[in-house]
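Inspection log for the structure reproduced underneath, given as structure tokens.
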Amino acid sequence: MRNRAYRPDIRRSLLVFVILSLFTVPAMGDELLIRITKGADSAIPISVVPFSESGQMPSGDKVSRIIQNDLEMSGEFAPLPPEQMLSLPSRGDEVFFRDWRLLGQRYVLVGQVTSAGGTLNAQYELYDVSQEKRLVGATASAPASASRSLAHHISDRVYEAITGVEGAFSTKLAYVTLERNANGPTYRLQVSDVDGKRARVRLESDEPILSPAWSPDAKKLAYVSFETGKPAVYVHELSTGNRQRVADFPGLNSAPAWSADGQSLLMTLSKDGNAEIYRMNLASGDLKRLTNHWSIDTEPSYDHTGNGFFFTSDRSGGPQIYHKASENAEPRRITFGSRYNARPRPGPDGDYVYYVHQRDRAFHIARTNLESGDETVLTRTESDESPSVSPNGRMLIYATKSGENSVLTVIAADGGAAYSLPASRGDVREPAWSPIVR
Amino acid sequence: MKMTSSKNVFALIFSFALIAGCSSTGETTGEGGMGTSAGSASGEESGSTVFGGGDGSGVSSSEMTEQERMEAEARAEQAQAEAMREITTFYFDFDTAEIKQEARDVLVAHARYLQANPGQNVRITGHADERGTKEYNLALGERRANAVQRFLVVNGASRGQTETVSYGEEQPAVMGSSESAWAQNRRVELDFE
């Protein structure tokens with residue numbers, strides 16, 4: 001999953017996106033506004049110098065501004081505000097390292113964007129200030145309508161060049177918004193960029209929508225919808241809008257989680273009496289029951305090997321996290337630190353599992369190191385739900401309360417930095433971070 | 001604290017239902033043509049007065065009075081059951097699906113009613129408060145709905161008359177994040193269709 005494979009020309013993949021959009025034009029969603037609440041103490045000083053521009057630029061944020069925001073929201077970088085810069089170079093030969101050293105900067109990104117014939121072309125260079133060395137020099141292009149994709153792509157390249165870890169700025173978020181008014185509740189399943197922009201509504205319903213889960217190729221979402229008056233599991237192809245109701249048995253049909261090959265879903269069904277975890281082969285519809293206990297077994301999520309899975313069970317008397325190393329293995333209990341631990345989501349490398357953890361009267365997000373068993377509480381907020389780890393393992397998004405409303409908050413996966421994504425109106429909940437799309 | 005507040009809510013609904021039940025008892029008596037002063041006298045009293053005045057024979061009067069007393073008792077019982085069946089919401093403690101002691105008589109009344117009316121169906125919806133995770137709460141709501149369903153079936157309802165669905169924490173009865181709101185949201189509702 002994480003090995004670096006061939007990355008298609010961004011222009012080609014964006015063209016595909018645009019063509020498919022002609023057939024299905026999803027409704028505009030509510031954009032989320034990022035509010036940085038806490039930067040990491042160890043954030044790396046970087047200057048994203050405003051790119052020079054020539055030709056007709058698309059409206060909205062400038063490419064370099066989007067890159068600056070991306071790096072800041074990772075919590076790992078502290079971009080210098082442009083008004084504090086001593087000069088505004090756009091090419092490498094204009095960079096005077098002494099100026100940037102004076103400003104305490106470790107990296108400088110410069111570039112130019114030109115627009116011609118409906119296409120944006122960007123040239124950009126990343127410099128290490130102390131070594132006076134160019135780390136990246138590259139070009140990228142995209143349709144003018146996709147300037148945000150172009151910017152996120154450059155952010156990914158910069159992030160990887162400095163940290164050695166693949167960037168996740170070109171990935172997507174799926175989430176559910178809930179608006180309550182006189183006509184009752186309206187649930188909307190939405191997909192946006194990771195910075196909350198370009199939100200599009202994919203499904204709207206008067207009945208609850210829960211548990212969106214990305215397919216490994218990020219082309220489909222599985223989720224739970226109550227649109228028939230009871231919970232059923234659906235698979236929704238984003239490019240076409242085609243939907244399939246894959247599980248509608250008596251009782252619960254919930255908590256879908258994809259296998260690494262995209263061929264199967266883990267899910268919770270109660271058709272045989274109480275909540276148990278099953279694997280469904282999507283092509284055949286065949287089911288295999290994977291848990292067998294009178295307690296509640298739910299919230300499955302495959303581990304990084306793709307063979308085993310984590311789940312929540314209250315077989316000990318209250319909800320706790322368990323792991324099965326394979327479908328037929330005995331479940332092993334992972335959490336012991338408090339009486340309520342639920343909804344596990346493993347990190348991509350198999351070193352940590354993240355979950356909802358009750359301590360005193362509050363619900364936080366915590367993680368357990370699977371080797372040592374050490375547990376760390378990551379959040380200071382108190383009504384936390386639905387953790388989802390970024391595909392590079394560096395960030396974590398979750399839902400929490402802000403006043404009466406639910407908002408999304410992103411933190412560094414080790415608990416360092418934080419920013420929140422408040423909805424423009426109503427609740428925003430159930431975030432799911434997409435895989436990296438190649 | 002949360003137990004106290006949920007008990008209060010229950011007691012309030014219960015006493016309200018009993019008051020409503022009393023007035024309907026009076027109306028039943030009125031239909032029998034035995035007096036219209038529904039509120040003041042109980043059904044039993046008005047019944048014996050009428051029969052005592054209308055028949056001279058002590059023996060037959062005594063038999064009739066006994067029969068009438070039993071009928072009246074049955075009517076009162078039915079009225080009480082009807083009053084209890086006004087209660088269709090049942091509350092639970094955090095992370096449990098245990099039916100509370102005070103809910104049992106009411107659920108028995110519902111079960112007997114379903115038994116006596118085989119054409120009547122009931123939708124049983126389980127709910128949880130907002131704390132904890134949505135999917136676990138969905139399963140917890142189902143466990144609560146199933147506990148009520150089993151109780152109804154054990155006490156005479158047919159399984160085919162019942163349908164369960166869990167909404168987890170998605171349909172709070174009361175908005176807000178207080179102990180009192182949570183107590184009112186951890187519930188099972190019966191919906192007679």
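Descriptive notes on the structure:
- When restricted to residues that are aliphatic (A, V, I, L, M) and in a strand (DSSP E or B), the stretch A:76-119 contains 6.
- Residues that are part of a strand (DSSP E or B), surrounded by fewer than 16 Cβ atoms within 10 Å (Cβ to Cβ) and not hydrophobic (A, V, I, L, M, F, W, C) are absent from the stretch A:158-165.
- Within the stretch A:262-273, the residues that satisfy the criterion of being farther than 19 Å from residue A:432 by Cβ and either at pLDDT 95 or above or more than 10 Å from chain B (Cβ to nearest Cβ) (or both) are A:263, A:269, A:270, A:271, A:272.
- When residue A:432 is tested against (1) modelled with pLDDT of 95 or more; (2) not in a strand (DSSP E or B), only condition (2) is not met.
- Options A:88, A:80: the member that is surrounded by fewer than 16 Cβ atoms within 10 Å (Cβ to Cβ) and more than 25 Å from the chain's Cα centre (by Cα): A:88
- Checklist (1) within 12 Å of chain A (Cβ to nearest Cβ); (2) in a helix (DSSP H, G or I) applied to residue B:130, failing item: (2)
- Selection of the stretch B:133-174 for residues being buried (at least 24 other Cβ atoms within 10 Å of the Cβ), free of Cβ contacts under 8 Å to residues at least 12 places away in the same chain and more than 7 Å from every other protein chain (Cβ to nearest Cβ) yields an empty set.
- Between A:345, A:367, A:380, the distinction of being assigned to a strand (DSSP E or B), more than 14 Å from chain B (Cβ to nearest Cβ) and charged (D, E, K, R) belongs to A:367 only.
- Search result, residues across the stretch A:258-277 that are surrounded by fewer than 23 Cβ atoms within 10 Å (Cβ to Cβ) and among the small types (Gly, Ala, Ser): A:259, A:260, A:262, A:264, A:273
Rundown of residues vs (1) under 14 Å from the mean Cα position of the chain (by Cα); (2) of a type in the set (A, V, I, L, M, F, W, C); (3) within 20 Å of residue B:173 (Cα to Cα), yes/no style:
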{"position": "B:69", "(1), (2), (3)": "no, no, no"}
{"position": "B:76", "(1), (2), (3)": "no, yes, no"}
{"position": "B:80", "(1), (2), (3)": "yes, no, no"}
{"position": "B:94", "(1), (2), (3)": "no, yes, yes"}
{"position": "B:111", "(1), (2), (3)": "yes, yes, no"}
{"position": "B:119", "(1), (2), (3)": "no, no, no"}
{"position": "B:127", "(1), (2), (3)": "no, no, yes"}
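- Looking only at residues in the stretch B:175-189 that are closer than 18 Å to residue A:361 by Cα and of a type in the set (S, T, N, Q), the one that is nearest to the other protein chains (Cβ to nearest Cβ) is B:177.
- Residue under evaluation residue A:335, criteria (1) more than 14 Å from chain B (Cβ to nearest Cβ); (2) closer than 17 Å to residue A:300 by Cα, criterion not met: (1)
- Within the set A:411, A:321, A:397, the sole residue that is within 14 Å of chain B (Cβ to nearest Cβ) and closer than 26 Å to residue A:436 by Cβ turns out to be A:321.
- Note on the stretch B:51-89: residues that are at pLDDT 85 or above and in contact with an Asp or Glu (Cβ under 8 Å, 6 or more places away or on another chain) amount to 7.
- Residues in the stretch A:70-101 that are touching an Asp or Glu at 6+ places or on another chain (Cβ under 6 Å) and closer than 18 Å to residue A:154 by Cα: A:79, A:92.
- Of all residues in the stretch A:274-300, those that are facing chain B (nearest Cβ under 10 Å) and β-branched (Val, Ile, Thr) total 2.
- Which numbered condition residue A:245 misses (of (1) within 11 Å of chain B (Cβ to nearest Cβ); (2) modelled with pLDDT of 95 or more): (1)
- Qualifying residue in the stretch A:351-361 (condition: within 14 Å of chain B (Cβ to nearest Cβ) and outside any strand (DSSP E or B)): yes
This table checks each residue for (1) over 28 Å from residue A:78 (Cα atoms); (2) buried (at least 24 other Cβ atoms within 10 Å of the Cβ); (3) of a type in the set (Lys, Arg).
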position: A:341; (1), (2), (3): yes, yes, no
position: A:365; (1), (2), (3): no, yes, no
position: A:372; (1), (2), (3): yes, no, no
position: A:388; (1), (2), (3): no, yes, no
position: A:393; (1), (2), (3): no, no, no
position: A:430; (1), (2), (3): yes, yes, no
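- Within the stretch A:196-237, if we keep just the residues that are hydroxyl-bearing (Ser, Thr, Tyr) and under 14 Å from the mean Cα position of the chain (by Cα), the residue that is surrounded by the fewest Cβ atoms within 10 Å (Cβ to Cβ) turns out to be A:215.
- Among residues that are in contact with a Leu (Cβ under 8 Å, 6 or more places away or on another chain), surrounded by fewer than 23 Cβ atoms within 10 Å (Cβ to Cβ) and modelled with pLDDT of 95 or more, residue A:148 is not included.
- Top-ranked residue in the stretch A:206-225 [being out of contact with any Leu (no Cβ under 8 Å at 6 or more places or on another chain) and closer than 18 Å to residue A:179 by Cα; ranked as farthest from the other protein chains (Cβ to nearest Cβ)]: A:206
The values are calculated or read from the model by the stated rules, or taken from the named source; none is laboratory data. Computed from a predicted model, the values in this text were never measured in an experiment. Here the Cβ is made from the backbone with ideal geometry for all residues, glycine too, and neighbour counts use every protein chain on show.
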